[in-house]
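Reading through the structure tokens given below for one structure.
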Amino acid sequence: MTHLRLAPLAAALGLLTTFVPNVAQAAAPAARVVQADRLFDARSGRVQAEGEVLVVGGKITAVAWGGKTVSAPEGAERIDLGDMTLLPGLIDMHVHIDSDPTYSGYTGLQFNDRFWSVIAVPNAQRTLEAGFTTIRTLGADAWNDVGLRQAIDEGKVVGPRIMTAAYAFGATGGHCDSTYFPPSMHQNSRYNADSPEEGRKRVRELRKYGAQVIKICATGGVFSRNTEPGQQQMRFEEMKAVVDEAHMWGLTVAAHAHGTAGIREAIRAGVDTIEHASLIDAEGIRLAKENGAWLSMDIYNTDYTQSEGKKNGVLEDNLRKDREIAEAQRQNFRAAHEAGVGMVYGTDAGIYPHGDNAKQFAVMVRYGMRPAEAIQAATLNAATAMERNDVGALEVGRFADLIAVPGDPTQDVTLLERVPFVMKGGDVVKDTR
């Protein structure tokens, strides 16, 4: 990736020019050895002493710890991080990369539609700089996430690896529809699906233009008008048709589901990840565990919404819904974790500022996880849920996406809120040690 290209682009758009010096660099050497006093093994959840990772061609080709060393080719560059812990690059399973929470409610209508395409670029840079080398976008407008992914993959802009959902969809009048306007404005989502056959067609259309994961809205939500989080808004038959079609094409399915009944029906329909899961009950927890559905519970963002939302334009009704489900969601997170349900790290970034993704780790620990478990949720668990074996662990054959923090994050998980070293695909994209 040629990061030098960012300088004129950033100057023209006024985007994060302070970030460019950190990522601008000559071509990476053919081989690198990254070493640190500690290494986090995402598979065991343990910190190993004296870790070394050999990187060749952007991939991990050898890993050693405990006094052992990797066999590096002659001329390999060594990056000695000293008293730091090496970890896999972090993964956020639920972001809205073209959203900015400082423009909420109706305040975003002051901008042209393409404004949101442009702000996705600095959002991606901030996310990568925060140590999240892979993200899953679960709803974006105007194919913004697909275009951003392509620009990143082509080396035109800097950002994480992105798994794109493009448009999220659901029932007419439901959470994924446009619900803020009167009939005279003719606002609606072109991807509403009100029957099993319409659901199948939406999967095919979205995949055709760049969706790599399908996101449906099974229940009402917090940040929509005229919906309640507990309301089921897609029928089982509709969700089952979507899941069957997506799985046939090799795509996973994520379901926005706050409400108890909608969660249960989404799991029974075969959905792969349940987003939010705020009002999950004992039956839903049992179903998730039995069916291998992963829970992605965004238990930090209410802190931001309640402190900053009104100032940002969030409507009182949306603030009310957020208040009503916040603590219930956190307690249900605790119950699901104690029951042994698979958990992944999803934050709903875009509801709060991009780049603050790691603030959820501390809340996950407060509500029952050990720090190592929270880190696993954002590494190997997330990669497994996405059905990807190329990210999420410091293992041979995976991308050389890694981060490093001083100290031991399994003792103090808040260290991940301040990541000084980030490598993506073997390229050092941030080093502020």
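The values are calculated or read from the model by the stated rules, or taken from the named source; none is laboratory data. All values derive from a computational prediction rather than experimental measurement. No Cβ is skipped: glycine too gets one built from the backbone with ideal geometry, and neighbour counts run over all protein chains shown. Areas reflect the complete protein model, heavy atoms only, side chains present, ligands, DNA and RNA absent. Shrake-Rupley method; radii C 1.70, N 1.55, O 1.52, S 1.80 Å.
Considering only alpha-carbon pairs that sit under 8 angstrom and 6 or more positions apart, the relative contact order computed for the chain is 20 percent. Protein-only accessible surface at a 1.4 angstrom probe places the residues ARG161, ARG418, ARG136 in the order ARG418, ARG161, ARG136, largest first.
Each Lys or Arg adds one and each Asp or Glu subtracts one; over the other residues with Cβ under 10 Å from the Cβ of ARG78, this totals -2. Using the Cβ-Cβ distance between LEU109 and ARG433 with R0 set to 56 Å, the FRET efficiency from 1/(1 + (r/R0)^6) comes to roughly 0.85. Accessible surface of the chain, 1.4 Å probe: 49 percent of it comes from carbon and sulfur atoms.
Amide H contacts for ARG38 (H built 1.01 Å from N in the peptide plane; partners 5 or more residues away or on another chain; cut-off under 5 Å): GLU50, GLY51, MET84, LEU86. Shown in residue order for the range 414-428 are the 3J(HN,Hα) couplings computed by the Karplus curve 6.51 cos²θ - 1.76 cosθ + 1.60 at θ = phi - 60°: 5, 4, 6, 7, 9, 9, x, 10, 9, 10, 10, x, x, 9, 6 Hz (x for Gly and Pro).
Model label sites at ASP153 and ARG286, defined 7 Å from Cα along the beta-carbon direction, differ in position by 4.3 nm.
Among the lysines, which have Cα under 19 Å from the Cα of LYS311 when same-chain residues fewer than 8 positions away are ignored? Cross-link targets: LYS321. Per residue, the accessible area of the chain comes to 39 Å², computed with a 1.4 Å probe over protein heavy atoms only. Centre-to-centre, using Cα atoms only, the range 337-365 and the range 181-211 are separated by 29 Å. Packing, as the average of other Cβ atoms within 10 Å across residues, places the peptides 238-245, 398-405 in the order 398-405, 238-245, highest first. Taking packing as the residue-averaged number of other Cβ atoms within 10 angstrom, the listed peptides 337-344, 149-156, 359-366 run from highest to lowest as 359-366, 337-344, 149-156. Highest average first, the peptides 63-70, 422-429, 374-381 ordered by how many other beta carbon atoms sit within 10 Å of their residues are 374-381, 422-429, 63-70. Hey, of [x] 42, 25, 22; [y] 35, 24, 20; [z] 32, 29, 21, which did the structure itself give for semi-axes √(5λ) of the Cα gyration tensor in Å when calculated? So the calculated entry is the one marked [y]. In loop segments of the range 80-117 as defined by DSSP, the chymotrypsin sites (Phe, Trp or Tyr not before Pro) with at most 15 further C-beta atoms inside 10 Å of their C-beta are TYR106, PHE111. Once the Cα-Cα distance is subtracted from the 0.36 nm per residue extended length, the THR384 to TYR209 segment shows a gain of 60.5 nm. Beta bridges per DSSP, both residues in the chain: antiparallel share near 50 percent. Taking every alpha-carbon pair within the range 310-358, the share separated by more than 14 Å comes to 67 percent.
Based on C-alpha pairs under 8 angstrom that are at least 6 apart in sequence, the range 28-147 has a relative contact order of 25 percent.
The relative contact order of the range 371-433 comes to 25 percent, based on Cα pairs under 8 Å that sit 6 or more residues apart. Under 28 Å Cα to Cα from LYS68, which lysines show up? Leave out anything in the same chain fewer than 8 places away. Excluding near neighbours in sequence, the set is LYS59, LYS424, LYS430.
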